[in-house]
Every structure is written in C-alpha cells, then in structure tokens.
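The values are calculated or read from the model by the stated rules, or taken from the named source; none is laboratory data. Predicted model only: the values in this text are computed from it and were never measured. Note that each Cβ is placed from the backbone with ideal geometry, even for glycine, and that neighbours are counted across all protein chains shown.
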There are 2 protein chains.
Amino acid sequence: MTPKGFQFSAVKASIKPWNKEDVGLIVSQLPCAAAGVFTTNRVKAAPVLLDMKHMKGKTHRAILANSGCANAATGKAGYQDSLTSAMQVAELIGCKTDEVFVASTGVIGVPLPMEKITGAMGRLNAWLDVNPDGFTRAIMTTDTKPKSASATVTIGGKETTVWGCAKGAGMFHPNMATMLAFIVTDASVSKTVLKTALKDATDRTFNRATVDGDTSTNDTALLLANGAANGRPVKAGTADYKKFLSALSGVCASLADQLVLDGEGVTRLGEIFVERAASAKDAVRVARSIAGSLLVKTALNGGDPNWGRIVCAAGYSGVRVVPEKMELYFGEHCAFKNGTPTDVAEKTLADEFTKKRVVMRLVLNMGKAEASYLFSDISHEYVSINAHYRT
Amino acid sequence: MTPKGFQFSAVKASIKPWNKEDVGLIVSQLPCAAAGVFTTNRVKAAPVLLDMKHMKGKTHRAILANSGCANAATGKAGYQDSLTSAMQVAELIGCKTDEVFVASTGVIGVPLPMEKITGAMGRLNAWLDVNPDGFTRAIMTTDTKPKSASATVTIGGKETTVWGCAKGAGMFHPNMATMLAFIVTDASVSKTVLKTALKDATDRTFNRATVDGDTSTNDTALLLANGAANGRPVKAGTADYKKFLSALSGVCASLADQLVLDGEGVTRLGEIFVERAASAKDAVRVARSIAGSLLVKTALNGGDPNWGRIVCAAGYSGVRVVPEKMELYFGEHCAFKNGTPTDVAEKTLADEFTKKRVVMRLVLNMGKAEASYLFSDISHEYVSINAHYRT
C-alpha cells in the first residue's frame, strides 16, 4: 500500500542491455517537503551533486531514477545531463526544475544516454499510476528481486502511510554497491522535522548495514512527505513524531534487511549487538569493526563459531576494551568470558552459527551504551561477481 | 648469510599436528640491544605482554618462538606459561629471564603445551648452529614457504650484516593473519637508535602491507643487535645510520613482499603509490583505503583495470580529494584524468592489470607528500581457507 497522492511509472528504455524497466518516475500531486541523505564519498556522481542543490528548495514534486548508467565520473557534461532530465520532468508535470530530484545507478564513466531518457518521458507521464511495482524494478541492477516496505500509523485520527523502495548491493558494471532508497509518505511534516527524522532513521538502519564496506559515488536516500493524509502536522518532540519516526524506521530497517540479504553472493546474515560500551560512539566503532572484518565474514560464510576473530576485531577497533571484562554470546550461549573461552560445547555454538541469521552479542562491561550492525558473509560468489563481471 | 655471533635451532615438538619443526630458538653469544614493534590490538596474547615487559631491560640474548599454539585468550595461566618458557631458556643459556623474548603463533584459546616446550629445551640448546633454515620453518603456520632476507653494508670499514625471517598470513586454526618477524644484526647500535630504526623501517614496509586488514593479537617484530661485527657504533643522524637503516629497510621490505605474496589464496600483488598529497598522513590514508577495498581487491583478482573502484576508494578515504584534479596511472598509462576516463584502450590497461604485480599511481595534485601500500587480491581460495578450515 502506497501513500495517498503519489503516482509511479516505469519504462523500458534500453539503457540496461536487456529488456527490463530502467527508467522510473515518482510524482506527488501535492507539493512535498523533502529530506535527503547522500554519499559521504568525496567523488560524487552528477545526480548527487544536482540533488544536493535542489534540496535547498522549499517544495518538491518528483523523483526520476534510472538504472544502467550511474552518470558518475562524467564531468561537467554529466551534470548538464542530470539537469536537462530534471528540466524535462518539470515541464512534463508542470513544476520548477529544482522541485525534481534525479538518481542514477549502473556503469560509471560513460555519459547518460540522453536520447533514451528523453524518449521515455512521454510514456513515464502517461503511465503514472498508484501501483509502484514497475518503479521498484526500474531501479534494480544486480539485485535479484525488487525491495519495498510500508508501514501505517494513525496521526491525528488519520491513517498515514510510509512506503519506500530500495536497490542495493551492486551495479552490474562496475559494481560499487550503490544504494538508492526512495521513501514517500502522506504525513504532513515540515522540512526541518523531516530532515531530523530521516537522519535518525538512516543512522539506525542503512548506516548500520554493510556488505563490503565500500561507499559508492551515488548512494542516495530521499524522503518526500506530501501531507495528503490530511493528518495534523508532525511536530518535533511529540508523540506524533515518535509514531512517525517508528513507522519510518521500520520501513528503513526492512529495506536495509532486504538489501543485505540480497547482497552479492550473500548466503548468511550476521547481526552484532554491542552492549555496555563506554559511549555510543565506542559501541558503533566496535560493532563496525566486527561487521567489517573479512575474517568474521568468512567465518560466517563457513558457519564457523569463530569467537576468536570477533574478540580480535573488537580489539583492533581503536576502542579501549578489556578482554577480561568481555562476554560474547552466540544466541543465548556464552562463548567467551573472563578472557578465555567457556566450556560450552562447540556443537552448541555451531548450531547458532549455521542459522540463516546469526545473532551475536558482545558485552563490553565498560558502560551503558549500545549499538548494532547488520552484515553479510563473503562468499565465493561475491568474489566471482566482482572479479569477473567483465568476462 | 647471517650476522656474526648468532645461532639458531629448531625442534619438532609435535605442537603442530604434523611432523614439522614447531619450536625454534635464536641465541646471541654477546648481549644485544633490542627493539620491538607489537600489535596495536587491545587484545594482546600472553607472549606479547611478556615481551613488552622484557623490552624494558637493557640487554637481551635470545628469542624462543613456537608455532601451533598462539597462547592467546589464555588468561593468567597463559602468561605464566610464557614466563616459564622464558625462564627455561634463560637457565639453558645462562642469562636473566628478562633477556629472553618469546613468540607464539597458531590456535588461540588453548593452553601452551608446556610439557612439549620443556621437552624440546635440551635439543634446542644442543642443536644451536649458524644455519637458520630450521628456525625459519619452525615459525610457519599456513605459510607455504619459509621467508628470509639479508643485507650487508660496510660500517666503519667492517662488514655488517642484517638478517631477518618472518611468517605471515595465517594461523591454521583459527586464521588471524599473525605476522611474526625476527631480525638480527651484528651492527653495534644503542637501544635508542635501534628503536628509531625499527620504527622507521616497519612504518615503510610491514605497516604498508595488507592481505585482509585484520590485526592479530600476536603480531610482533623483534630486532636484536649484538655488535659482533666490531664496527663503530651507529649514531643517530649519521651516514652510518642511513646505511644501517637502508639495510634494515631492505630486509623488512623483502620480508613484507614475501609475506603478501604468500598470503592466503593470493594470486596477484597490487602496489599503490599515492603522490602529490596535501600531507603524508593524507597520502597514507588514501593508499590504505585503496589497498583495503574489497572491490579493488576482487578487481585485482580478476585482472580487471577497474579505475572507477580506485577513484571511489580514494573518495571515501576521509581525505579531501578533488576528482577533477586526480590522475590515475596503471604502469605508464593514464586511465583517469580531468574527472573522466581517458581514451587509453581498455586492452592496454588490461595488459597492465593482468601482470603478477600491478603498479598503480594515483596523483592527487593537492600538495607534495607521498606514500605507498602493498596489497593482495582476494580470491576464492582465500574465502575457502578462512570459511572452511575446520571442516
């Protein structure tokens, strides 16, 4: 179920080398407040640079997205192409150019095929509809399935919906694990509050999930709120805000989950909870160090309850940890305590570590802060996809 | 060729589950100055903790090393075991306990088999000899070959030798890529100067080489200088120091090279030179980010000249870089300049990228500093070794 007042369309424009949807459009009938989170990479693709500029506007109406070409490392001409496509959408639906966001994912270093984008405009407009399925497919690259999620809450007596879709874990050529997420809601939220909510939600979800640790040139999450539910405005610090944030976070968490599970060659998910850290920053650093360790990821691939690698990755995280104070649990079973392994049977630990989703809990006993991280294993398939996709 | 006044021995003590040398001893006839570099991991193995304490002594005589057991995550009992084995060596060769260093590599979380270590002592002493070959084998774990290097320089008219050996890239159970390096020289060098020299040499070599980015609980590099060449003392800031540092760095560089090339499942080496960075720190961060990128490592595995991944990894290094100013070369060929790919033929770039050792040069044009990093690819074999070694 999608929020009131949003329409979607998708077209097969032959940007991808096979006959699949590759350009999609989201349009709101009403002007929206918008918030965005963009890649922290210093090398930013043209659509990211354009969106960061357009984000300064007050209202927004549409998102144009394409797969098959990232429009990255394309210089000034690439920026002009992104701008031109935004202008075309603005003309099509009758709004200002800076009310349109654009997003691209796919091969880098080649120009956006503008004749194909331009040629798709008429159909994108004609086919606008409340069904978002085509759009969710149009942003896919090496994703094996479309990813979407929704949540409904009641705000001021009005049913309010948050819906989002995402693509992840791999452009087909070259793969840079670009993540795009587009979230729309019919809640009434000011730009300022929306920005806070998106940051809160992404910090806990997308920014705590990793496949291979590489940060793409194109990573983008956009959130549009059009108020079409006619609920009362969501104000900061209210019960309404909590409800809205909870719905938004739920959608983001589901999308992050789907992204990692559909990561390239992923066979198993790991979830590390770091507890009783001295500070939130410490907790995140330890969790990220474990989630990013190649040795932990390969152990996860092999279903091997290799507690030593997890303790070791905590040790080199840069955070002050004391091995003698640590406790490490797989599921409910303690594998490491008092600086030494426990006598829990290897078989018991292995049973936890061969689940599809392995839950690990590292208690540092240094304070009261906590954080979690979702991550994937690294498999033969991952190496194959990334080493040989040109062959 | 090994330096004057050092002897080596090795014994098969059945700590490793196959019939190979697994305990080794290096003894200097004369008291040595010593320097050491130890893992920065907060979780340090017992032998590392003991060596850091013994390093406070003025003179040193011996290094006892074993493979097959890391004596890590073994608590207070493990520390006592390391201390006991150092005491046994001290008694054997007639020196103080704190003149003996110990090093262990292998399985973690299990106690050092003290009866086997103790049982080896007599033979270790009886078999001391100038031939170091047995010792270089005794420290191997998943290494496929022993690694050693030497250099000779003339200091004050006297022929002076630096010799070292190392093991790397993998304990057999579990693999934590522990690196051990032992370097001995007959130069006459004070403890203070030796410390500076070892830091200088390792910063440029061992600390600029990576297989999988994990930092072990046991990493150790030890350097002993016994002055047996009868050359004049090497003083800081002199031509002698430069000569000595050059010999030492040469030995460390050769060992680092051998370590990476013999890394688990390694099929190809990458060497990234970052030039014209704003600061040395920036240069190192950019080089490390590229050397550590899984996507760059898999591209290296596939022999794919994927310039986009290298530019991208520089972009997320945290260093301020400007894509339009960057130039990226594979061998002599420029792949990326002015923010876009050049028109150099894909085939030309691929020829560079399928060499056994791929040289990449990223010119940032932000200043005058530079740094380099040596790294390996990540292969199917790496995943297999690390995912399935228990099966």
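Some points to look at:
- Top-ranked residue in segment B:73-87 [being among the polar types (S, T, N, Q) and surrounded by fewer than 20 Cβ atoms within 10 Å (Cβ to Cβ); ranked as farthest from A:GLY339 (Cα to Cα)]: B:THR84
- Of the helices (runs of 4 or more DSSP H) lying entirely inside segment A:251-346, the ones with 2 or more residues being modelled with pLDDT of 90 or more and closer than 30 Å to A:ALA181 by Cα are found at A:280-292, A:294-302.
Residue-by-condition table, conditions (1) away from chain B (no Cβ under 14 Å); (2) of a type in the set (Asp, Glu):
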residue: A:SER14; (1), (2): yes, no
residue: A:GLU21; (1), (2): yes, yes
residue: A:GLY24; (1), (2): yes, no
residue: A:CYS32; (1), (2): yes, no
residue: A:THR39; (1), (2): no, no
residue: A:LYS44; (1), (2): no, no
residue: A:PRO47; (1), (2): yes, no
residue: A:LEU50; (1), (2): yes, no
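- Those helices (runs of 4 or more DSSP H) of segment A:68-144 in which 1 or more residues are in contact with a strand residue (DSSP E or B) (Cβ under 7 Å, 6 or more places away or on another chain), in the same structural domain as A:ALA45 (by TED's automatic domain parsing) and of a type in the set (D, E, K, R) occupy A:114-126, A:133-138.
- Residues that are buried (at least 24 other Cβ atoms within 10 Å of the Cβ), aliphatic (A, V, I, L, M) and more than 15 Å from the chain's Cα centre (by Cα) within segment A:124-154 comprise A:LEU124, A:ALA138, listed in sequence order.
- The residue that is surrounded by the fewest Cβ atoms within 10 Å (Cβ to Cβ), among those in segment B:211-230 that are more than 14 Å from chain A (Cβ to nearest Cβ) and in contact with a helix residue (DSSP H, G or I) (Cβ under 8 Å, 6 or more places away or on another chain), is B:LEU222.
- Residues that are over 10 Å from A:VAL274 (Cα atoms) and assigned to a loop (DSSP other than H, G, I, E, B) were ranked within segment A:347-364; the one that is farthest from the chain's Cα centre (by Cα) is A:THR354.
- Enumeration of residues in segment A:62-79 that are touching a residue at least 12 places away in the same chain (Cβ under 8 Å), of a type outside the set (Ser, Thr, Tyr) and within 14 Å of chain B (Cβ to nearest Cβ): A:CYS69, A:ALA70, A:ASN71, A:ALA72, A:ALA73, A:ALA77, A:GLY78
- In segment B:105-132, residue farthest from B:ALA73 (Cα to Cα) [restricted to those that are modelled with pLDDT of 95 or more and touching a Cys at 6+ places or on another chain (Cβ under 8 Å)]: B:PRO132
- Scope segment A:318-327; condition facing chain B (nearest Cβ under 8 Å) and not charged (D, E, K, R); matching residues: A:VAL319, A:VAL321, A:VAL322, A:PRO323
- Apart from one condition, B:PRO3 fits all of (1) closer than 30 Å to B:GLU159 by Cα; (2) free of Cβ contacts under 8 Å to residues at least 60 places away in the same chain; the exception is (2).
- Residue match in segment A:96-112 (condition: in contact (Cβ under 8 Å) with a residue 40 or more places away in the chain, buried (at least 24 other Cβ atoms within 10 Å of the Cβ) and of a type in the set (Ser, Thr, Tyr)): yes
- Of the residues making up segment B:328-354, those that are more than 13 Å from chain A (Cβ to nearest Cβ) and in contact (Cβ under 8 Å) with a residue 24 or more places away in the chain number 4.
- Qualifying positions in segment A:8-41 - over 22 Å from A:MET52 (Cβ atoms), in contact (Cβ under 8 Å) with a residue 24 or more places away in the chain and surrounded by fewer than 20 Cβ atoms within 10 Å (Cβ to Cβ): A:SER14, A:PRO17, A:LYS20, A:GLN29, A:LEU30
- Residue selected from segment B:365-381 under the condition outside any strand (DSSP E or B) and of a type in the set (S, T, N, Q), by the criterion nearest to the other protein chains (Cβ to nearest Cβ): B:SER379
- Test: residue in segment B:277-287 that is in contact (Cβ under 8 Å) with a residue 40 or more places away in the chain, farther than 24 Å from B:LEU362 by Cβ and touching a helix residue (DSSP H, G or I) at 6+ places or on another chain (Cβ under 8 Å): no
- Subset of segment A:186-219 [among the hydrophobic types (A, V, I, L, M, F, W, C), modelled with pLDDT under 95 and part of a loop (DSSP other than H, G, I, E, B)]: A:VAL211
- A:SER384 vs. criteria closer than 13 Å to A:GLU271 by Cα, of a type outside the set (Phe, Trp, Tyr) and either in contact with a Phe, Trp or Tyr (Cβ under 7 Å, 6 or more places away or on another chain) or assigned to a helix (DSSP H, G or I) (or both): no
- Residue in segment A:220-227 that is of a type outside the set (Lys, Arg) and part of a loop (DSSP other than H, G, I, E, B) present: yes
- For segment B:296-317, a residue qualifies if it is of a type in the set (Ser, Thr, Tyr) and more than 7 Å from chain A (Cβ to nearest Cβ), and exactly one does: B:SER317.
- From B:PHE101, B:PHE6, residue being in contact with a His (Cβ under 9 Å, 6 or more places away or on another chain) and modelled with pLDDT of 95 or more: B:PHE101
- So A:VAL37, is it part of a strand (DSSP E or B) and either under 26 Å from A:ASN131 (Cβ atoms) or not assigned by TED's automatic domain parsing to the domain that holds A:GLY134 (or both): no
- A count restricted to segment A:271-287 and to residues that are more than 13 Å from chain B (Cβ to nearest Cβ), within 23 Å of the chain's Cα centre (by Cα) and surrounded by fewer than 24 Cβ atoms within 10 Å (Cβ to Cβ) stands at 5.
- The criterion of being of a type in the set (Lys, Arg) and either surrounded by 18 or more Cβ atoms within 10 Å (Cβ to Cβ) or modelled with pLDDT under 95 (or both) does not hold for A:LYS53.
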